[in-house]
Protein chains: 2
Amino acid sequence: MQSFTEENYLKIIYHLSESTNTVQTNAIAEQIQTKPASVTDMIKKLAEKGLIDYIKYQGVTLTEKGKQTAINIVRKHRLWEVFLVDKLNFKWDEVHDVAEELEHIKSENLIERLDEFLGFPKADPHGDPIPDKNGRFAKTQFVKLIELKIGESGTITGVSQHSSAFLKHLEKLGLTLGKQVKISDVTDFDGSVEILVDNKQINISREVAKHILTTENGKN
Amino acid sequence: MQSFTEENYLKIIYHLSESTNTVQTNAIAEQIQTKPASVTDMIKKLAEKGLIDYIKYQGVTLTEKGKQTAINIVRKHRLWEVFLVDKLNFKWDEVHDVAEELEHIKSENLIERLDEFLGFPKADPHGDPIPDKNGRFAKTQFVKLIELKIGESGTITGVSQHSSAFLKHLEKLGLTLGKQVKISDVTDFDGSVEILVDNKQINISREVAKHILTTENGKN
DNA sequence: TTTTATTTTTAGGTAAATCTAAAAAAATAA
DNA sequence: TTATTTTTTTAGATTTACCTAAAAATAAAA
Ligand SMILES: [Mn+2]
Ligand SMILES: [Mn+2]
Ligand SMILES: [Mn+2]
Ligand SMILES: [Mn+2]
């Protein structure tokens, strides 16, 4: 059984592992909002418990046990987010902080019944996949909106940025999950993208386009 | 903002206050499963924070601020219990421990939306009243089943014992909330009570009868 | 009203998760 | 390859919530 704090470390290490193979002390410190010295302490403890592999000065990787623990926390986080949006009418930009707390509730039974109550959702309100109780993810292949060519269209199925500011901005633009978009033009000057959504032409910055994930619909 | 631990102390003191005016160190220690010395430490801290009034060797009472805080935790606990039973199909004997964790989630918004989602319930799965967001309880006047006279009948609306063993026993006897019961006889020998429920005569021990709460229906 | 028992508090310590400041190792630049 | 910068670790403290053992206060019994 892990403490609240240990769980947070594992989850952060898991997320950082998605981009780098071994995870560095400073990177963890930044994410967890603590000092590197504190991270070193915790890292030793997690290694001691067999949840991570740790070589001094070289960074850490999750063991299989650590990975499964982390995935289970991610599962809980995302299921709670679905609950908050689908059942309690939270907006997609309001759920993260509460889910950060709820994810630590210790009851397998609770989470399985919640999963069932929600209809075994496959993705959370931000399009992130929800692992099943064995830790398996449905494979999802996203194409960044920025990578679509002129004339191609896709369905918005995720975002790679979860800040409230970004999510609210998308909401205002009408760019929510499930929306069909078609690339009309790309501006040479600033790389901004002209898209067709809900029969309206709108212009979004390159920065925004980078963080919208779509499932391609093919040409025309 | 109180810590998880502080909240537990306040809640326990609140519950103990229902039977005694000032609450003793040892009583708190027993409930919280800790040592009296630890309770003294925490008591000082809570007094420092203005949540309880404390006179050395004399016990404690909640201040208005402490009381409101405690009531809010009770509110959350009971709302979560309703959620677990009504929405996730937990049995009434399975919810307490999970609610002990959920009650500490810090989000006013969450609890208000949950309250609404549940249809503003007035009582939890054990018949205990749920305070509204201003800390006000609907007045409930229970009559213990043991206090009903022969020939009188009532509706089961609560229990004063929350152990899983007791609740499961009631379930097996068919004595759940909402059931109509009528006292047929009281055995001289052991004080056990003969009752009519669902057109069946059953015999329950005096001990059981003491912990069933009813709303009287009057004679016949 | 003493004596005895119970309750409560103090004194001094431990473990978890932090911190700051300084030392050590590794990576990068000159 | 040596010097500099960056990253990481150690050393030593702090805070929170506990603990045990012993002292002090209060309550109950003789
Ligand atoms: Mn989230
Ligand atoms: Mn999410
Ligand atoms: Mn309960
Ligand atoms: Mn209850």
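The values are calculated or read from the model by the stated rules, or taken from the named source; none is laboratory data. Treat the numbers as computed from the prediction; the structure is a model and nothing was measured. Here the Cβ positions follow ideal geometry from the backbone for every residue, glycine too, while neighbour counts run over all protein chains shown. Protein only, heavy atoms only, side chains kept; ligands, DNA and RNA dropped before computing areas. Shrake-Rupley method; radii C 1.70, N 1.55, O 1.52, S 1.80 Å.
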Helix A:36-48 axis, angle to chain A major axis (alpha carbon atoms, nearest 10°): 70
Interface residues, the stretch B:106-152 - accessible area loss of 10 Å² or more versus chain alone, probe 1.4 Å: B:106, B:107, B:109, B:110, B:113, B:114, B:117
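So what is the relative contact order for the stretch B:88-157, in percent, with contacts set as C-alpha pairs under 8 Å and at least six apart?
19
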Label geometry 7 Å along the beta-carbon vector: residue A:178 inter-copy distances in nm: 3.3
Rounded tilt (10° steps) of B:164-173 against the dominant C-alpha axis of chain B: 20
For the protein assembly as shown, accessible area per residue (1.4 Å probe, heavy atoms of protein chains only), Å²: 53
Spatial separation of Cα centroids for the stretch B:80-136 and the stretch A:114-145, in angstrom: 27
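If the viscosity is 1.306 mPa s and the temperature 10 °C, what translational diffusion coefficient in µm²/s does Stokes-Einstein give for the stretch A:2-58 when Rh comes from Kirkwood over Cα pairs?
Calculated translational D: 142 µm²/s.
Give the whole-number value, in cubic angstrom per residue, of the convex hull volume spanned by the C-alpha atoms of the stretch B:14-100. Before the final figure, lay out the partial values.
Details: hull volume 8.9 nm³, N = 87.
Taking only Cα atoms, the stretch B:14-100 has a hull volume of 102 Å³ per residue.
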Lysines with Cα under 26 Å of residue A:45, excluding same-chain neighbours fewer than 8 positions away: A:11, A:35, A:56, A:65, A:67, A:76, A:106
Accessible area buried, both sides summed, chains A and B with 1.4 Å probe, Å²: 1600
Cα convex hull of the stretch B:94-164, projected area averaged across orientations, nm²: 6.2
Within the accessible area of chain B (1.4 Å probe), percent carbon and sulfur: 48
Sum of -39500 (n - 2.57) over DSSP H runs of 4+, divided by residues of chain A (222 nm, nearest 500): -12500 deg cm²/dmol
The protein assembly as shown: C-alpha pair distances exceeding 37 Å, %: 44
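Which whole-number percentage describes the relative contact order of chain B, with Cα contacts under 8 Å and a sequence gap of 6 or more?
Here the relative contact order equals 15 percent.
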Rough spin-label spacing in nm, given labels placed 7 Å along Cα→Cβ, for residue A:194 and residue A:171: 3.0
Kirkwood hydrodynamic radius (C-alpha pairs) into Stokes-Einstein, chain A, 20 °C and 1.002 mPa s, D in µm²/s: 113
Relative contact order, percent, the stretch B:96-220 [alpha-carbon distance under 8 Å, six or more residues apart]: 27
Rounded Å value of the spacing that divides the Cα centres of the stretch B:179-220 and the stretch B:16-66: 38
With Cα atoms, 0 to 90° folded angle of helix B:64-82 axis to chain B main axis: 50
